[in-house]
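Below: the structure, in structure tokens.
The values are calculated or read from the model by the stated rules, or taken from the named source; none is laboratory data. From a predicted model like this one, the values you see are computed outputs, not experimental measurements. Reconstructed Cβ throughout: ideal geometry from the backbone, glycine too, with neighbour counts over all protein chains shown. Surface accessibility is based on the protein's heavy atoms, side chains included, excluding ligands, DNA and RNA. Shrake-Rupley method; radii C 1.70, N 1.55, O 1.52, S 1.80 Å.
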Amino acid sequence: MDVKTNGNISFWYADIGGIPQKRPPLPGDRDADVCIIGAGYTGLWTAYYLKKANPALDIVVVEREFAGFGASGRNGGWLSGGFGWSREKYLKTSTREAVIGMQRAMAGTVDEVIRVTEAEGIDADIIRTDNLTVATNAPQLARAREEYQFYLDWQMPAERLQMLSAAEAAKRINIANAQGGFVIRDTARVQPAKLVRGLAKVVEGLGVSIYEGTAVTGFEKGRVSTERGTVRAPVIIRATEGFTAGFPGEERTWLPLNSAQIVTEPVPEKLWEEIGWAGHELLGDAAHAYCYAQRTREGRITMGGRGVPYRFGSKTDVNGQTQQATIDALHAILTRLLPQTKSLKIDHAWCGVLGVPRDWCTAAGFDRASGIGWAGGYVGLGVSSSNLAGRTLTDLVLGRDTELTRLPWVNRTVRKWEPEPFRWLGVHSMYQLYRIADEREFDGLPHTSRLAAIADRITGH
């Protein structure tokens with residue numbers, strides 16, 4: 001499938017007039033109370049809540065490129081408040097009540113992000129909507145039912161959930177071969193670049209110094225070294241998520257998993273009448289190698305998925321450019337789910353990286369002895385999780401004992417990923433097995449393929 005633009009960070013920037021001009025870099029050595037590495041959602045939310053809590057704090061944010069260069073400006077726009085990590089893994093070091101509390105706190109991020117955007121005048125195309133997971137074959141439908149019951153078992157409020165019949169799912173979005181699915185209510189759609197750029201502007205207006213074009217070369221207690229000078233600060237926050245592996249000593253901390261998206265040309269109104277999607281639902285499916293989609297403000301469809309999941313040696317993309325094979329694969333998913341879109345052109349394709357811990361469970365923490373904090377490993381749920389991270393880090397830095405600082409993700413550590421070539425082999429084997437499992441199920445396998453369970457065991461997913 002031909003595409004007009006490949007890379008150039010993401011469609012989200014084309015949507016707002018192009019790549020922003022960078023703010024001035026760090027002018028030289030500087031002292032501060034807090035130095036935050038990375039001007040994505042995590043770093044900016046942390047700066048926002050710290051400054052709101054203590055306006056006197058001198059906060060510096062240093063960013064290699066520009067605010068929102070990474071996943072914050074490239075993601076699928078799902079403000080889901082989701083809890084996509086293994087509750088059982090958190091139980092190993094916590095309690096069921098605490099895990100449910102974390103689940104509840106994550107769900108609350110949807111209202112909190114919307115509250116801040118409204119209070120601060122950030123226009124991010126936010127629409128409250130439902131998250132629709134659709135099943136297109138028997139094994140997917142069985143997994144959808146299991147997931148629905150799983151949420152109920154973990155005390156997700158029943159009013160947030162609804163199981164859908166084939167007819168009910170099709171009434172929302174006319175998905176080909178839909179056999180049913182379920183929705184999670186109280187989620188929202190967002191334009192990612194608008195959110196991160198708006199948040200950066202607000203934070204800067206509060207008095208936070210954001211230095212762009214400033215590459216960090218290393219950090220230690222009280223000191224962040226950059227190519228432009230040194231920032232001396234008693235508190236340092238590493239907010240680099242999928243780019244964390246680029247720091248010496250952090251190569252195996254979080255694996256930079258690739259995710260890619262395509263976006264169609266504007267969909268004609270007549271075609272929307274065939275497709276439906278009047279509710280602007282966040283759309284995913286119950287396949288093993290799942291997809292994620294949204295209907296944008298101006299009436300396009302974005303479709304995302306893994307593509308080439310991981311680059312050898314934890315390498316990252318160049319300005320969002322992705323492979324033609326990935327573009328073709330995402331287009332195939334789009335037209336499989338929505339064959340009505342076959343005639344639509346693809347205007348933009350791009351990719352980015354998200355952080356994945358070895359046990360696929362996110363964490364936030366602060367070491368008071370060194371003054372160094374961190375948050376990330378969101379495994380694709382960063383739009384909402386980063387907000388909770390910013391609030392949690394704020395309480396940790398300020399020494400507060402709150403419900404947030406007692407959540408089970410705080411100061412949680414796991415073992416590192418294997419050295420190469422083992423992690424490349426493991427991740428690629430996992431997604432190859434997912435692909436084969438999905439193909440077998442599409443071909444009529446009546447139950448979930450056992451290959452998927454093997455894939456999960458390989459990498460601890």
What are the extents of the Cα atoms of the chain along their three principal axes, in Å, largest first? 62, 47, 45
Label-point separation in nm, residue 22 to residue 250, each point 7 Å along Cα→Cβ: 1.8
Calculate how steeply helix 138-153 sits against the longest principal axis of the alpha-carbon atoms of the chain, using the helix alpha-carbon long axis, and give the answer as 0 to 90 degrees to the nearest 10. 50
Residue by residue, what Karplus-based ³J(HN,Hα) values in Hz, rounded to whole numbers, does the stretch 218-225 have, using 6.51, -1.76 and 1.60 with θ = phi - 60° and x for Gly and Pro? x, 8, 8, 3, x, 8, 10, 9
Rounded to the nearest percent, how much of the accessible area of the chain (1.4 Å probe, protein heavy atoms only) is carbon and sulfur? 51
Taking the Cα centre of the stretch 142-190 as origin and charging only Cβ (+1 Lys, Arg; -1 Asp, Glu), how large is the dipole, in debye to the nearest 20? 220
As a check on your grasp of the helix formula, calculate [θ] at 222 nm for the chain: sum -39500 (n - 2.57) over DSSP H runs of n ≥ 4, divide by the residue count, round to the nearest 500. -10000 deg cm²/dmol
Of the candidates 363, 333, 432, the farthest towards the positive dipole end of the chain (Lys/Arg Cβ +1, Asp/Glu Cβ -1, centred on the Cα centre) is 363
Treat every Asp and Glu Cβ in the chain as -1 and every Lys and Arg Cβ as +1, leave all other atoms uncharged, and give the resulting dipole magnitude about the Cα centre to the nearest 20 debye. 640
Extension gain residue 33-residue 413, at 0.36 nm per residue separation less the Cα-Cα distance, in nm? 134.2 nm
Compute the helix-to-body angle for 422-442: its Cα long axis versus the longest principal axis of the chain, expressed 0 to 90° and rounded to tens. 30
Over the chain, what relative contact order in percent results from Cα pairs under 8 Å that are six or more residues apart? 24
If one takes the longest principal axis of the Cα atoms in the chain, at what angle in degrees, from 0 to 90 and to the nearest 10, does the Cα axis of helix 450-459 lie? 10
In the stretch 232-274, GluC sites (Glu not before Pro) in a DSSP loop with at most 16 other beta-carbon atoms within 10 Å: 250
Long-range HN-HN contacts of residue 235 with modeled amide H, under 5 Å: 35
Using the heavy atoms of the protein chains alone and a 1.4 angstrom probe, what is the accessible area of the chain per residue in square angstrom? 39
Just to make sure I understand: if all protein chains stay in place, what is the order of 344, 206 by accessible area at 1.4 Å, largest first? 206, 344
Given a cut-off of 20 Å, name the pairs among 92/416; 89/315; 221/416; 4/201 whose C-alpha atoms lie farther apart than that in the structure shown. 89/315; 221/416; 4/201
Residue-by-residue Karplus 3J(HN,Hα) for the stretch 355-372, coefficients 6.51, -1.76, 1.60, Hz, glycine and proline x: x, 10, x, 5, 9, 6, 10, 5, 8, 9, x, 8, 9, 5, 5, 9, x, 9
Run the Debye formula on the Cα coordinates of the stretch 327-461, all scatterers equal and no solvent, and tell me log10 I(q)/I(0) at q = 0.09, 0.11, 0.13, 0.17 1/Å. -0.44, -0.63, -0.80, -1.04
When only alpha-carbon atoms count, how far does the stretch 167-210 stretch along each of its three principal axes, as whole angstroms with the largest first? 53, 18, 12
Please report the relative contact order for the stretch 340-461, taking Cα pairs under 8 Å with a sequence separation of at least 6, and give it as a percent rounded to a whole number. 23
